[in-house]
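Okay, so here's the structure we're looking at.
Nothing in this text is a laboratory measurement; each read-out follows from the coordinates by a stated rule. None of the values given here were measured: they were computed from a predicted structure. All Cβ positions, even for glycine, are placed from backbone atoms using ideal geometry, and neighbour counts span all protein chains on display.
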Amino acid sequence: MLYGKTIIVTGVSSGIGARTAELALQLGADVIGVDRRMPAAPIASFIEGDLSTQAGVDEIVAHLPARFDALCNVAGVSGTLGAAKTLAINFYGLRALSLAAAPHLREGGAVVNVASIAGYGWRANLERAKALVGVAGFPDAPEVAGNYAINDAEGYPVSKEALLLWTQLAAHQDPFKARGVRVNAVSPGPVATPILREFRAVFGDARVDGDISAVGRAGVASDIAPAILFLCSDGARWINGANLPVDGGLEAVVNAGTLGF
Ligand code: NAI
């Protein structure tokens, strides 16, 4: 389903992004990887870049090809860098890259945002998510975190709540809608990649182990990559603005607890 497509994958040097790139190549796509670190295994096309500032995003965009079919926004940080950096990378940098990429995406192309079960609270915290998404451009992230009193422990979930809300807005707004570009999210549960150790520091062992035991095991990167690539494919041509939980059933468990069934 990806034969001949050109797919950009951020976060390509580790975990879910690395596996997504590898699988996309196996499925016949050309892959351009983006990361702030070099990949362990060399890939044919790689852009070294940092999504944490507008200048970093501009530098990445300057190296993108004129036309491509999909952008997989996989890069992300756990929250250990503090709320401001986490918001900057996980949301504002991702959004800035996506908006800059939109004119280069082919009609019928796709943006896939890797969010998280940690963003589950976007409905409960809708006003805050709306406010964060409402801040235009690439703002001064420490100022935003200060204005909305987002402490370091909240930085990660809040960044993913904003991302889930923006995914839905972007799906039916320009510049994506005008070009027939679909915008969707994938929300993993706990996945055994390097970031999982950091989640233990941010959320505590009890929360991480509780999530893992609720669904029987932690995921692996190979559990997530096929879902990301499906949303890039023409098989997903009528899926837009959706969030696909890829978590072994964790969201259903959380729903049962939250909604009381
Ligand atoms: P990882 O830590 O293995 O990979 C993250 C990649 O993002 C790294 O290669 C890193 O260098 C890159 N990156 C970080 N900051 C960057 C920046 N400023 N500019 C460019 N690249 C940057 O983590 P993993 O598991 O592969 O995470 C991928 C995505 O999945 C993240 O968005 C994460 O929030 C999300 N996720 C992961 C879960 C897990 O348990 N592993 C659970 C839910 C969501």
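Observations
- Qualifying residue in region 189-211 (condition: surrounded by 14 or more Cβ atoms within 10 Å (Cβ to Cβ) and either away from the ligand (no atom under 16 Å from the Cβ) or closer than 15 Å to residue 73 by Cα (or both)): no
- Scan of region 118-149 for residues that are within 23 Å of residue 258 (Cα to Cα) and buried (at least 21 other Cβ atoms within 10 Å of the Cβ), ordered by number: 118, 119, 120, 122, 129
- Candidates 158, 186: the one that is assigned to a helix (DSSP H, G or I) and either acidic (Asp, Glu) or within 14 Å of the ligand (Cβ to nearest atom) (or both) is 158.
- Members of region 67-91 that are among the hydroxyl-bearing types (Ser, Thr, Tyr) and either surrounded by fewer than 24 Cβ atoms within 10 Å (Cβ to Cβ) or touching a strand residue (DSSP E or B) at 6+ places or on another chain (Cβ under 6 Å) (or both): 78, 80
- Qualifying residues in region 1-42 (those that are hydroxyl-bearing (Ser, Thr, Tyr) and assigned to a loop (DSSP other than H, G, I, E, B)) - the one nearest to residue 231 (Cα to Cα): 3
- Per-region count, region 57-84, residues touching a helix residue (DSSP H, G or I) at 6+ places or on another chain (Cβ under 7 Å) and under 23 Å from residue 193 (Cβ atoms): 14
- Criterion (more than 18 Å from residue 138 (Cβ to Cβ), surrounded by fewer than 24 Cβ atoms within 10 Å (Cβ to Cβ) and of a type in the set (D, E, K, R)) met by exactly one of 59, 22: 22
- Members of region 10-51 that are more than 10 Å from the ligand (Cβ to nearest atom) and under 18 Å from the mean Cα position of the chain (by Cα): 21, 22, 23, 24, 31, 32
- Within region 53-78, residues that are under 20 Å from residue 17 (Cα atoms) sit with their Cβ atoms under 7 Å from residues that are among the hydroxyl-bearing types (Ser, Thr, Tyr) and within 13 Å of the ligand (Cβ to nearest atom), at 6+ positions apart or across chains, in these pairs: 72/10; 72/20; 73/10; 74/10; 74/20; 75/10; 77/86; 78/156.
- Checking 124, 136, 129 one by one, the residue that is part of a helix (DSSP H, G or I), more than 18 Å from residue 68 (Cβ to Cβ), hydrophobic (A, V, I, L, M, F, W, C) and more than 16 Å from the ligand (Cβ to nearest atom) is 129 and no other.
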